[in-house]
Amino acid sequence: MKLRLASYNAHKCLGLDRRRNPARIAEVVAAIGADIIALQEIDHRLAPRRAALPRNLIEEVTGLRNLPFAPEGPSLGWHGQTLLVRTDLNVTAIRRIVLPGLEPRGAVLAEIDTDAGPFRVVGVHLGLIKRYRSMQLAAIRAAISRRQDMPTAILGDFNDWSARGGAEALGPDFRLHTPGRSFPAAGPIGALDRVALGQGLHLQDAGVYRLAPARIASDHLPVWADIRIGQ
């Protein structure tokens, strides 16, 4: 079975033109054509952390549905993150993972039944300091190990400027892929947005979505990865 995964740091829907335009972010999300997309910075930073991207825009523009990591209150997700999935995908579980570090961080997890068997996706927005990024990935690995064994993808803003590193704490079962330079959107020099694939997942293609209005809608460009589930 093939799936298109994507990740997008939406910068609270604030574009490089200093305009906060949720409809523009929704347009970019729709254009990527992902089956599952991890969003970061999708809520405002300060309490009560209201959603920067209205729920009705997700349904009307993208055709995806938002998983209820914040079932009550004004937020769209948790720690500014959420997962959008295709409406016909059967989501069997969602979880929030608390991550260590100086600044509050968390990860969002969803498990999905597919024609090829169960599949797990984890959305991340890791910290700015390398030591804490390693601790956060180790915490994600520990959380996954306590759950049913299944093919797992971890994707999001890894906040790592190195050329190929950044996921050693996940261990040898994961392979890290860097679809390309995605930050800053106006002239990308850093491949901060990445995808780690566990056993049973195979990368077929990956890239950075650069078409308008993505070049101005956020300070990050979205990344995507086409994967295959199965041996």
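The values are calculated or read from the model by the stated rules, or taken from the named source; none is laboratory data. What you see is a predicted model, and the numbers here were worked out from it, not measured in a lab. Here the Cβ positions follow ideal geometry from the backbone for every residue, glycine too, while neighbour counts run over all protein chains shown.
Every residue, every condition in (1) within 19 Å of Asp157 (Cα to Cα); (2) touching a Phe, Trp or Tyr at 6+ places or on another chain (Cβ under 8 Å); (3) in contact (Cβ under 8 Å) with a residue 60 or more places away in the chain; (4) acidic (Asp, Glu), yes or no:
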{"site": "Asp17", "(1), (2), (3), (4)": "no, no, yes, yes"}
{"site": "Asn21", "(1), (2), (3), (4)": "no, no, yes, no"}
{"site": "Glu27", "(1), (2), (3), (4)": "no, no, yes, yes"}
{"site": "Glu41", "(1), (2), (3), (4)": "yes, no, yes, yes"}
{"site": "Pro48", "(1), (2), (3), (4)": "no, no, no, no"}
{"site": "Gly73", "(1), (2), (3), (4)": "no, no, no, no"}
{"site": "Gly77", "(1), (2), (3), (4)": "yes, yes, no, no"}
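With the requirement that a residue be surrounded by 18 or more Cβ atoms within 10 Å (Cβ to Cβ) and under 18 Å from Glu41 (Cβ atoms), what does the stretch 102-131 give you?
Arg105, Gly106, Ala107, Val108, Val122, Gly123, Val124, His125, Leu126, Gly127
What are the residues in the stretch 33-49 that are within 24 Å of Val85 (Cβ to Cβ) and more than 13 Å from the chain's Cα centre (by Cα), if any?
If we filter the stretch 33-49 for residues that are within 24 Å of Val85 (Cβ to Cβ), which is where we start, we get 33-44, 49.
Residues satisfying the conditions are Gly33, Asp43, His44, Arg49.
Residue pairs, Cβ under 8 Å, 6 or more apart or interchain, first in the stretch 175-203 and within 20 Å of Ser218 (Cα to Cα), second among the acidic types (Asp, Glu) and in a loop (DSSP other than H, G, I, E, B). List them.
Phe183/Asp219; Pro184/Asp219; Ala185/Asp219; Leu192/Asp160; Arg194/Asp160
Is it true that Asp173 is part of a loop (DSSP other than H, G, I, E, B) and either over 28 Å from Cys13 (Cβ atoms) or among the aromatic types (Phe, Trp, Tyr) (or both)? Steps first, answer last, please.
Working: part of a loop (DSSP other than H, G, I, E, B): yes; either over 28 Å from Cys13 (Cβ atoms) or among the aromatic types (Phe, Trp, Tyr) (or both): yes.
Against the criterion (part of a loop (DSSP other than H, G, I, E, B) and either over 28 Å from Cys13 (Cβ atoms) or among the aromatic types (Phe, Trp, Tyr) (or both)), Asp173 qualifies.
So which residues in the stretch 176-217 are closer than 15 Å to Asn159 by Cβ and not in a strand (DSSP E or B)?
Thr178, Arg181, Ser182, Pro184, Pro188, Ile189, Ala191, Leu192
Restricting to the stretch 92-115, name every residue that is among the acidic types (Asp, Glu) and free of Cβ contacts under 8 Å to residues at least 40 places away in the same chain. Steps first, please.
Let us first name the residues in the stretch 92-115 that are among the acidic types (Asp, Glu), namely 103, 111, 113, 115.
Scanning the stretch 92-115 gives Glu103, Glu111, Asp113.
What are the residues in the stretch 91-128 that are part of a loop (DSSP other than H, G, I, E, B), at pLDDT 95 or above and touching a His at 6+ places or on another chain (Cβ under 9 Å), if any?
none
Do the conditions hold for Ala217, that is, is it surrounded by 14 or more Cβ atoms within 10 Å (Cβ to Cβ), touching a residue at least 12 places away in the same chain (Cβ under 8 Å) and under 26 Å from His11 (Cα atoms)? Before the answer, list the steps.
Numbers: surrounded by 14 or more Cβ atoms within 10 Å (Cβ to Cβ): yes; touching a residue at least 12 places away in the same chain (Cβ under 8 Å): yes; under 26 Å from His11 (Cα atoms): yes.
It is true that Ala217 is surrounded by 14 or more Cβ atoms within 10 Å (Cβ to Cβ), touching a residue at least 12 places away in the same chain (Cβ under 8 Å) and under 26 Å from His11 (Cα atoms).
Looking only at the stretch 143-170, count how many residues are loosely packed, with under 13 Cβ neighbours inside 10 Å, over 15 Å from Leu197 (Cα atoms) and either touching a strand residue (DSSP E or B) at 6+ places or on another chain (Cβ under 8 Å) or among the aliphatic types (A, V, I, L, M) (or both).
2
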